1. For Gly314, what is the net charge nearby, where nearby means another residue's Cβ is under 11 Å from its Cβ and Lys, Arg count +1, Asp, Glu -1?
2. With r defined as the distance between the Cβ atoms of Ser272 and Gln343 and R0 fixed at 51 Å, what FRET efficiency is calculated, to the nearest 0.05?
3. Go ahead and set up a Gaussian network model of the chain, Cα springs under 10 Å, then flag whichever of Gly134, Gly222, Gly257 fluctuates most.
4. From the residues Ser75, His97, Thr52, which one has its Cα farthest along the dipole of segment 32-101 in the positive direction, the dipole being from +1 and -1 charges on Cβ of Lys/Arg and Asp/Glu about the Cα centre?
5. Note the full-extension length gain between Ile13 and Trp224 as 0.36 nm times their separation in residues minus their Cα-Cα distance, in nm to one decimal.
6. What is the angle, in °, between the Cα long axis of helix 331-344 and the longest principal axis of the Cα atoms in the chain? Nearest 10 is fine, range 0 to 90.
7. Which angle between 0 and 90 degrees, to the nearest 10, do you get for helix 318-329 versus the longest principal axis of the chain when only C-alpha atoms count?
8. Between Arg23 and Arg95, with labels modelled 7 Å along Cα→Cβ, what's the label distance in nm to one decimal, could you check?
Amino acid sequence: MNDLRLSGKRARILADHLLSVPRTIYQRRSLEAALGMFLDLGRKTALHRASTVSASALSRFLNVYTWDTRTCWDSLQHTQWESLLLAARRKRRPRLHLCVDLTSIPKTGQKLPAVRVYNGVHGIHLVVLYAVYGALKFPVGYRVYRGRGTPTPVRLALDLLATVPQPIRRRFDVCVLADSGFESATFLQGVRDEGFEFVVGVRSTRRTDHPGRVTVSDCEHGSWLSLHSWPWEVVTLARCDRGDRVFFSVSSELLSGDGVARKGKRRWAIESFFKESKHQFGLNQFALHTAQGLDRWVLLVCAAFTLTVLCAGGGKTLEEDARLAAQIALPALVVVRLMIEVQRHEEFLRQHGYSVHLSRCKI
């Protein structure tokens, strides 16, 4: 219970820091309404759903107004990293998993920012860094892939890994998890240059340094091998059979094949985040026409998700955790919503002999 209270306190502090960034009361009210909208998982995330400001006001707030988005990102990431450090206190060299992957938001509009075709998907493509330690899991950074002629997803992923702060590097034994889209020698070497271990998926046709054209599909589960294009370190191979398909992954640590497979499965945590962020926290509903609007939309998705994780506990559903996060982090907004709901049904209550009077009590 103490941990839950501490997490709730951190959620309230984070919300206060975020709401203190806009310089005017009008903008702070818009940010509060936006956060409340993203925490309302039971309703579609759309600007007209914000209960205390108009859709046009929220659109101007996200697209036009010059409040300091970078400071909000800094406050969010500081809270995320500090929460991980606090969770690992009194642990001896704990293991932190950093999942990296690319997700696409399908979009058909031509006026939306950063829309490209990649892997057959017409939309916006985000490379995300996701930290997992025990019950804590946070999206700690993202980059937008803008298509041919710009930094590749591998380069963007390495840029994200370079942002991991020094206290995290000193405190944790860090392992990077990625799928076969990040199997290149550039990525593997970049991860090792950062001082991190890795478990990365590889294609079945990936060649090894054995004589002839020996690929990973020719090697046994748990075997140690050197990759043809990256021969500087020995890696451990794992084979995972899933029905009629076989998946392969390699680890920089010389573990058993089953050990590599178990670690590789932890990568699915980021897939769960992608699903929840798109279908419950509103990432898929992005429809703003500016790059600044995209950055602020992703910020609100990540902030709402982080607040929900900080308030999670007791086996509740994600929607219940998000509702609790709104009550803890945005109590004034929740009260206003309740008042609006009561006023909306005032005539119905009067017809049935009820008269409701609202007054604020001193606490």
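1. Surrounding charge for Gly314 is -1.
2. 0.85
3. Judging by the Gaussian network model, the answer is Gly134.
4. His97
5. 71.2 nm
6. 50 degrees
7. 60 degrees
8. Rounded to a tenth, the inter-label distance reads 4.9 nm.
Laboratory data are not the source of any read-out in this text; all were calculated from the coordinates shown. Given the structure is predicted, the values throughout are model-derived calculations rather than measurements. Using ideal geometry, Cβ is built from the backbone for each residue, glycine included, and neighbour counts are taken over all protein chains shown.
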